[in-house]
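J.: Would you mind keeping the following structure in view while I ask a few things?
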Amino acid sequence: MRLVAEKLGGERGGELLFHGLDFMVSAGEALLVTGRNGSGKSTLLRIIAGLLAQAEGTLRLEGEPAAFEGLAAAAHYLGHLNAMKQVLSVHENLHFWQSFNGRGKYSIAEALERVGLGEIGHLPFGYLSTGQKRRASIARLLTSERPVWLLDEPTAGLDKASETQFAALMQEHLARGGLIVAATHLPLGLAGSKELALGAPL
Ligand SMILES: Nc1ncnc2c1ncn2[C@@H]1O[C@H](COP(=O)(O)OP(=O)(O)OP(=O)(O)O)[C@@H](O)[C@H]1O
């Protein structure tokens, strides 16, 4: 499986943010998208997730497992916002996403254990701290099996221990044949990852 972009261009509000991007990410690889604020990192991730149309160029997933039809169906998108309902419990939110995205390797209880939230699945999502909200959202990646992880500033708000824990989860995903595209200003602890720098040098 590999994600291939050719001459990819993205725009917002009629302004071309980037163009002519060529990259390839194979199973087991991570691509870190870097660049100054406003350079288009989130825009690129949203295009890959199928939430925005590209302005130009092509994007395709080759050789994806038969269970997934196309890139959008194979992708987990973890955006800046956590896409969770504040008044539903953590468990209820994850149950919704699991029903929507399909089952994964981990049960909801196991996924919450993996992110260190085993004790608070019953709490309304809105009660959680910023870092706990992010960890609950990371648990969403584990409760449904999707090989392409698209992560926008995934470690924002995480403490050091949680960063290390998440790095291990990403390594595990890569070792199982997944791939990752992550927009980040911080190192993610993924040795050997590729980098795509958008815009003028920082
Ligand atoms: N709906 C929109 N309409 C017009 N312009 C937009 C829209 N959404 C985003 N933009 C602009 O597009 C540019 C790129 O935004 P984007 O969020 O992709 O940047 P980024 O590289 O992820 O930034 P950051 O590092 O701050 O997260 C910004 O200048 C932003 O203001």
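The values are calculated or read from the model by the stated rules, or taken from the named source; none is laboratory data. Bear in mind that the values here come from a model prediction, so they are computed numbers and not experimental data. We place every Cβ from the backbone using ideal geometry, glycine too, and count neighbours over all the protein chains shown. What goes into the accessible areas is simple: the full protein's heavy atoms, side chains included, and nothing from ligands, DNA or RNA. Shrake-Rupley method; radii C 1.70, N 1.55, O 1.52, S 1.80 Å.
J.: Quick one: net charge around residue 169, please, counting Lys, Arg +1 and Asp, Glu -1 for every other residue with C-beta under 13 Å from its C-beta.
T.: My count for the surroundings of residue 169 gives +2.
J.: Still on this structure, I have one more. Share of antiparallel DSSP beta bridges in the stretch 2-197, in percent to the nearest 5?
T.: Of the beta bridges lying entirely in the stretch 2-197, close to 45 percent run antiparallel.
J.: Share of the chain's accessible area from carbon and sulfur, percent, 1.4 Å?
T.: C and S atoms contribute 54 percent here.
J.: A follow-up question, please. Computed over the Cα atoms, what is the radius of gyration of the chain divided by 2.2 N^0.38 Å, N being its residue count?
T.: On the way: Rg = 16.5 Å, N = 202, 2.2 N^0.38 = 16.5 Å.
Here the answer is 1.00, to two decimals.
J.: Further question: If you add up the charges near residue 64, with Lys and Arg at +1 and Asp and Glu at -1, over every other residue whose beta carbon is less than 15 angstrom from its beta carbon, what do you get?
T.: Surrounding charge for residue 64 is 0.
J.: Give me the count of lysine pairs in the chain whose alpha carbons sit under 26 angstrom apart, restricted to pairs 8 or more positions apart or on different chains.
T.: Taking the Cα cut-off of 26 Å, the pair count is 12.
J.: I've got another one for you. Given the peptides 142-153, 68-79, 95-106, arrange them by the average over their residues of other C-beta atoms within 10 Å, most packed first.
T.: Put in order of decreasing packing, that is 142-153, 68-79, 95-106.
J.: Counting Lys and Arg as +1 and Asp and Glu as -1, what is the net charge of the other residues whose Cβ lies under 15 Å from the Cβ of residue 27?
T.: Within the 15 Å Cβ shell, the charges total 0.
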